[in-house]
Amino acid sequence: AHSSKDVTKSLIDLWVSKNEDMKNYQWCIEWKANHQAIGSIGVVRMDEGINGVEIGYCIGEDYWNKGITSEALKEIIKFLFEEAGCNRISARHDVNNPNSGEVMKKAGLLYEGTLLEAGKNNTGICDMAVYGITKRLYLNK
């Protein structure tokens, strides 16, 4: 979760400023019932050497456990493999947030391991569970 509305605003301003960059993959997650913006999902890291990307997402707490983020992640995975030419997609989460791992599993990502003290969030340094999938595995499902 973002630590404040100012952090969210700064991030959105950054994304808007990079809107014309064809390698800037950021999307708004929308509540279908009223078209309200409720979160974001996008590429947070890119490794052009292997055509790999890491996905990150954030969604308002009122919308947790409704399948919205899993649905969005599935569509992003499809787009990145089928249209953007990616070969590998990964995502990671703080091990103290297992629900995020469930989102990744529901979207088809596979658990790859845990990186010790490899991340930092608003609670401090944390262990990160890593999930991923390759285009070959995705197409062979």
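The values are calculated or read from the model by the stated rules, or taken from the named source; none is laboratory data. Given the structure is predicted, the values throughout are model-derived calculations rather than measurements. All Cβ positions, even for glycine, are placed from backbone atoms using ideal geometry, and neighbour counts span all protein chains on display. We work out accessible area using only protein heavy atoms, side chains counted, and drop any ligands, DNA or RNA first. Shrake-Rupley method; radii C 1.70, N 1.55, O 1.52, S 1.80 Å.
Residue 80: surrounded by 14 or more Cβ atoms within 10 Å (Cβ to Cβ) and either at negative phi or at pLDDT 90 or above (or both), yes or no? Steps first, please.
Values: surrounded by 14 or more Cβ atoms within 10 Å (Cβ to Cβ): yes; either at negative phi or at pLDDT 90 or above (or both): yes.
Yes; evaluated as a whole, the condition is true for this residue.
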Selected residue [touching a helix residue (DSSP H, G or I) at 6+ places or on another chain (Cβ under 8 Å), under 19 Å from residue 27 (Cβ atoms) and small (Gly, Ala, Ser)] from 108, 60: 108
Of the criteria (1) in contact (Cβ under 8 Å) with a residue 12 or more places away in the chain; (2) open to solvent by 50 Å² or more (accessible area, probe 1.4 Å), which one residue 129 fails: (2)
Filtered residue count, the range 90-141, keeping only those that are of a type in the set (Ser, Thr, Tyr), within 12 Å of residue 77 (Cα to Cα) and assigned to a strand (DSSP E or B): 2
Within the range 48-71, tally of residues that are free of Cβ contacts under 8 Å to residues at least 12 places away in the same chain and part of a strand (DSSP E or B): 0
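Checking the condition small (Gly, Ala, Ser) and within 24 Å of residue 141 (Cα to Cα), which residue from 52, 60, 39 passes? Spell out the reasoning first.
On the way: 60 fails: within 24 Å of residue 141 (Cα to Cα); 39 fails: within 24 Å of residue 141 (Cα to Cα).
From the options 52, 60, 39, the qualifying one is 52.
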